[in-house]
Amino acid sequence: MPDDDIDQTVGRPEPEFKIDFVTIIWTIIGFIVSWTNMLIILDSMEIWAYLSIIFTVIIPTVIIGLKNRYWSYGYMLGFSIAGIPFLFIMDPFIGGYTFATSLFIFIILWIIFWKTWRSLSSIKQV
């Protein structure tokens, strides 16, 4: 007969994926931040401006993700999706760079935070 103390996993069970109102709000915020960042890059064309995409993607995503993982996914997707219309409307290089960079960072953070934490939470306590 299994003991409940032995079968309990570390952490709480993962909730089902759902897109709620707050996730949509974070997607819109990510889109606006990304668009503003691309306009700054277009005006200055300096290397620090290109690096600012990395910092305006990773830092807020990790901070938001500590509260709710799905909200940070919304921010990241909004940030990367903003590169597509910018690619056609304003500047193809900056829009494509923003889309590709933020999508790449999204994949890295998704692997680190979702896959790793999920694996760690399945380890049984002794």
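Structure above, values below:
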quantity	calculated
Cβ charges +1 (Lys, Arg) and -1 (Asp, Glu), total dipole of the stretch 19-121, debye	500 debye
Residue-span extension gain [residue 51 to residue 32] - 0.36 nm each, minus C-alpha spacing	5.1 nm
Gyration tensor over alpha-carbon atoms, the stretch 20-97, equivalent ellipsoid semi-axes in Å	23, 14, 8
The stretch 94-109 - phi-based ³J(HN,Hα) in whole Hz, Karplus 6.51/-1.76/1.60, Gly and Pro as x	5, x, x, 5, 5, 4, 5, 5, 5, 5, 5, 5, 4, 5, 5, 5
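Readers should treat all values here as calculations from the given coordinates under stated rules, not as data from a laboratory. For clarity, every value in this text was computed on a predicted model and none was experimentally measured. A quick note on method: Cβ atoms are made from the backbone with ideal geometry, for glycine too, and the neighbour counts reach across all protein chains shown.
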